[in-house]
Amino acid sequence: MKINSPKIAIIGGGIAGSTAAIYLSNQGLNVTLIEQGPSLVNGPPICHLHAGGNLYREIDTEQCTTLLRQSIDTLKLYPACADYRPTVIAIPKRDKGSFDELEPRLIQLQHHYQMLVEQDISNKVLGEPAQYFKTYTREAVEILANMPTPDAPKEQDDWLIPVAKTLDLDKLKFPIVLVQEYGLNVFRLAACASLTTENHENCRVLTHTGVTQINKIDQQWQLSLTKGNTSVTECFDYLINASGYRSGTIDDLAGCHSHRLVEFKAAYVTQWTNTLGRWPEVIFYGQRGTPNGMAQLTPYPNGYFQIHGMTKDITLFEDGLVNSSNKSAQPNLPKTLLEKITHQWPEDIANQRTQRAINFISHFIPVFKEADIGGKPLFGAQQIPGQDPELRATDVDFSLPNYARSEIVKASSAIDAAKLILNNIKQSFDIQSNQIKSLETINIDLIENDISSKSQALAQQRNYPVSLAKRSICTLE
C-alpha cells in the first residue's frame, strides 16, 4: 500500500530505527533507513524483555508499569524474538534490600497486567496474570532441589529445579521470586528486522552508509551520504534520529542541541557444559557500581550463559558514563572504550573480565566456577536522555519541526517511539487516519526457518556462537 506521503529518513538501524522503519513503511509511508554498519540491530547487548522492570528496583513504579505495557506490545509485534523462560530474583544476605520492599511493586505489576488483559485478551502474552510472579521459601527451594530435573519445564516450579540444585542458599535471603520476565534475543531481532524490511516495498535500507552533513533547505532535510568512496546528496521531508549513543552527533549536524548521557557496557559469554535441564534467567540484586553490584545470568541453548555483573570490574567501566557538554550534544567516551566498540577487544582483557564474571556468579552458584570462556564479549554504548542515569522507560523527543529523536533506553520502548513518530508525521503533513492501516504483528509473514537461518548467520558473521541465536521455546502451560 502506498499513499502520497512525505519522504522519511531514519538515521540508525538499531532496534529503534528498524522498528520505526518497519512500523511506518508497513502503513504506507515512504522510508529510507540509513545504517553505517553492515547489518541491522547491532548495538548494546539486548537479552531481557523487562516486562515490569524487575531488574531495576531503584526505578519508580510508573517506569515499571510503562515497561510492562511496552514489553507486552513488543511480544505482540516481535513474537518470534522472545526467549520464553521466566526470571528468578534473589536478594543476597550481603545486600541491604528485603522482599518486603519488593513485594508491593510486584503485586501492583500483577494487578496492572490483569487490567491490561481484561482490556484486551491479546495482551495475555506473559502467561496467566495470577502467575505473573511466585515466591519460594527456603524450605520450598530445598524440596525442589531434591526433585528430578525436567527436560522441558511445563510449570513454574519446574524452572526453579536446576537453580535450586546449585544455589548456595546460605548466601541468600528468602523468599526468592520467580517472575514472568522473558528474554529477548538480539540476533533474532536483527534477523526479523532484516527480513521484514526486505519485504516492505516502501522501505529502502542503506547499510555501510554514513551521514556526513545535514542542511535544512526549503523545509526539507538535505543529507550528505557516504558509502565507501561514493558520496551523494538526498532530500527528505522528515528526519528521524535513531542513532543510539551517537544521537548527539546527528543532533549537532541538524542544529538541535540536547542533553544526554552515554554509558558503555559489556556482557560476557560463557559455556557451562555440566549444567542440567532448562534454566530461567537468574538475578542476584546488588548496589550498582559497587563490588557487590547486581549479577545477571542469562541462559542460552547448549550450556551457554551471558553474564552481566554491575561492577566496574565486569560490566561497568571507569569513565564509562559520560555527559554531553554545552558545546556538543554528543558525550565523548574515552578513546579506549570507543576502540572497543569500533575494533576487536584485546583478547587478554576480554578473557580477564569474562573470568571475573564467572567468579562473580560462582559466589552464589559455586559449581559455576567450572564454566569456560564461551566467546568474545557482547558490548556497546547506550544513550540515556537527560541527566538521570537510572532512567529506563523513555520514547521520543520532537525538538525541531519535522525532526524526531528516538530516545529509547530499553528495546521494549521502540514501539511506543514509533507510534508517537507516526502521530507527529500525520499532524505535520495532514495525513488522515483512513489513509493509515493498523499494525498487528510485524513478523506475521516471516517463516521460522528463515528467521532461524538468518539469525544464526548473523551470529557467525559477528563472531559469536550460533547457540546465542537459538531461541528457547518452552512456555508455561
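Does segment 170-181 contain at least one residue that is in a strand (DSSP E or B) and either assigned by TED's automatic domain parsing to the domain that holds Q461 or free of Cβ contacts under 8 Å to residues at least 40 places away in the same chain (or both)? Within segment 170-181 (the criterion being in a strand (DSSP E or B) and either assigned by TED's automatic domain parsing to the domain that holds Q461 or free of Cβ contacts under 8 Å to residues at least 40 places away in the same chain (or both)), the answer is no, since none of the residues qualifies. Filtering segment 114-128 for residues that are more than 22 Å from the chain's Cα centre (by Cα), outside the structural domain of G320 (by TED's automatic domain parsing), farther than 30 Å from F174 by Cβ and modelled with pLDDT of 90 or more leaves an empty set. Of all residue pairs spaced 6 or more apart or on separate chains, those with beta-carbon atoms under 9 Å, a first member in segment 126-146 that is more than 13 Å from W159 (Cβ to Cβ) and a second member that is among the charged types (D, E, K, R) and surrounded by fewer than 20 Cβ atoms within 10 Å (Cβ to Cβ) are P129/E118; T135/E103; A140/D157; A145/K165; N146/K165. Filtering segment 398-418 to residues that are under 19 Å from A21 (Cβ atoms), modelled with pLDDT of 90 or more and not hydroxyl-bearing (S, T, Y) leaves F398, N402, A404, R405, A417, A418.
How many residues does segment 1-32 hold that are among the aliphatic types (A, V, I, L, M) and surrounded by fewer than 21 Cβ atoms within 10 Å (Cβ to Cβ)? Going through segment 1-32 one residue at a time, the tally reaches 2.
Yes or no, residue by residue, for (1) modelled with pLDDT under 95; (2) in contact with a helix residue (DSSP H, G or I) (Cβ under 6 Å, 6 or more places away or on another chain); (3) buried (at least 17 other Cβ atoms within 10 Å of the Cβ):
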{"residue": "A90", "(1), (2), (3)": "no, no, yes"}
{"residue": "H111", "(1), (2), (3)": "no, no, no"}
{"residue": "Y132", "(1), (2), (3)": "no, yes, yes"}
{"residue": "A140", "(1), (2), (3)": "no, no, yes"}
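Among the residues making up segment 290-311, those that are closer than 18 Å to F264 by Cβ and of a type in the set (A, V, I, L, M, F, W, C) are M294, I307, M310. Of the residues making up segment 33-80, those that are buried (at least 24 other Cβ atoms within 10 Å of the Cβ), under 24 Å from R462 (Cβ atoms) and at pLDDT 90 or above are L33, I34, E35, L40, V41.
Candidates G303, G380, G375, G293: the one that is small (G, A, S), buried (at least 17 other Cβ atoms within 10 Å of the Cβ) and at negative phi is G293.
Comparison of Y285, Y304 shows that the only residue that is in contact (Cβ under 8 Å) with a residue 40 or more places away in the chain and closer than 17 Å to F364 by Cα is Y285.
Each row is one residue, and each column tells you yes or no for (1) more than 16 Å from F264 (Cα to Cα); (2) of a type outside the set (K, R).
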position	(1), (2)
R288	no, no
T336	no, yes
W345	no, yes
D348	yes, yes
P366	yes, yes
L378	no, yes
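Screening L160, L184, L167 for residues that are within 19 Å of L77 (Cα to Cα) and buried (at least 20 other Cβ atoms within 10 Å of the Cβ) leaves exactly one candidate, L184.
Scanning segment 242-258 for residues that are assigned by TED's automatic domain parsing to the domain that holds L422 and part of a strand (DSSP E or B) turns up nothing.
Looking at segment 7-111, the strands (runs of 3 or more DSSP E) lying wholly inside it that each contain 1 or more residues that are basic (K, R) and in contact with a strand residue (DSSP E or B) (Cβ under 6 Å, 6 or more places away or on another chain) sit at 7-11.
The values are calculated or read from the model by the stated rules, or taken from the named source; none is laboratory data. Given the structure is predicted, the values throughout are model-derived calculations rather than measurements. Note that each Cβ is placed from the backbone with ideal geometry, even for glycine, and that neighbours are counted across all protein chains shown.
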